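The structure appears below as structure tokens.
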Amino acid sequence: MCEKNQQYEGKFQRILKLAPLVLIITYISTSALIVLTTKVASLFGYELKPQLAFEILDKLHGKKLVYFIGYGAILMPVVEEILFRVVLFNWAAWFILWLKAPGGTKISVYEARNSTRLVVWSVAVLSSIFFMSAHYFGPSPFPDNAFIGLVAFGVIQCWAYLKARSIFAPILNHVLFNSLNMFLYLCCGVK
């Protein structure tokens with residue numbers, strides 16, 4: 001029992017050590033891509049608006065604002081990471097690796113990252129494109145200024161998932177990232 005607790009402690013410490021690095025990489029890369037996407041679009045005469053979530057934040061007050069923050073900063077990151085990292089990325093990569101493996105040998109995504117990187121990263125990009133697409137269902141206009149940044153965010157999340165060997169690293173990063181974005185917007189007006 002004590003050995004099992006040490007394993008969990010080690011995994012938890014690995015996730016906590018990785019979290020600041022992943023958050024910094026995520027924030028810098030997505031912010032730079034949002035600025036770059038906006039500038040390139042303006043060169044071609046297109047005006048890309050910020051994500052719809054910022055308009056919604058402007059209109060909400062009181063309990064509705066608190067609910068939206070809880071939804072956008074906690075609930076959706078958990079659901080999206082399970083759906084796009086565990087279900088789509090992990091299972092799709094495992095299935096493709098299983099098809100490629102001689103005699104149907106089982107290879108986990110973690111083991112494959114060193115031997116079959118092209119497959120794993122191709123699936124990471126594909127799952128990240130699906131992740132980006134999911135942000136444009138319903139009333140959200142496509143494209144907004146974050147569509148390329150969302151793909152990069154998804155790929156970084158896949159990297160964090162592989163690096164930590166746990167879904168909790170990308171969940172923690174997504175919660176922190178969304179919380180930071182909402183905080184900066186509500187306090188400073190940064191979109």
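The values are calculated or read from the model by the stated rules, or taken from the named source; none is laboratory data. Here the structure is a predicted model, which is why all the values come from computation and not from measurement. Positions of Cβ are backbone-derived with ideal geometry, glycine not excepted, and every protein chain shown enters the neighbour counts.
The criterion of at least 1 residues that are acidic (Asp, Glu) and at pLDDT 85 or above is met by the following helices (runs of 4 or more DSSP H) wholly inside the range 72-191: 76-81. Figure legend. Inter-residue proximity from the range 174-191: first residues of a type in the set (A, V, I, L, M, F, W, C), second residues surrounded by fewer than 15 Cβ atoms within 10 Å (Cβ to Cβ) and not in a helix (DSSP H, G or I), beta-carbon distance below 7 Å, spacing 6+ or different chains. Indicated pairs: 184/190.
Taking residues in the range 150-172 that are over 23 Å from residue 140 (Cα atoms), and partners anywhere that are basic (Lys, Arg) and buried (at least 24 other Cβ atoms within 10 Å of the Cβ), the pairs with Cβ atoms closer than 7 Å and at least 6 places apart or on different chains are 158/85; 161/85; 167/85; 170/85. No other residue among 147, 130, 153 is within 15 Å of residue 52 (Cβ to Cβ) and of a type outside the set (S, T, N, Q) apart from 147.
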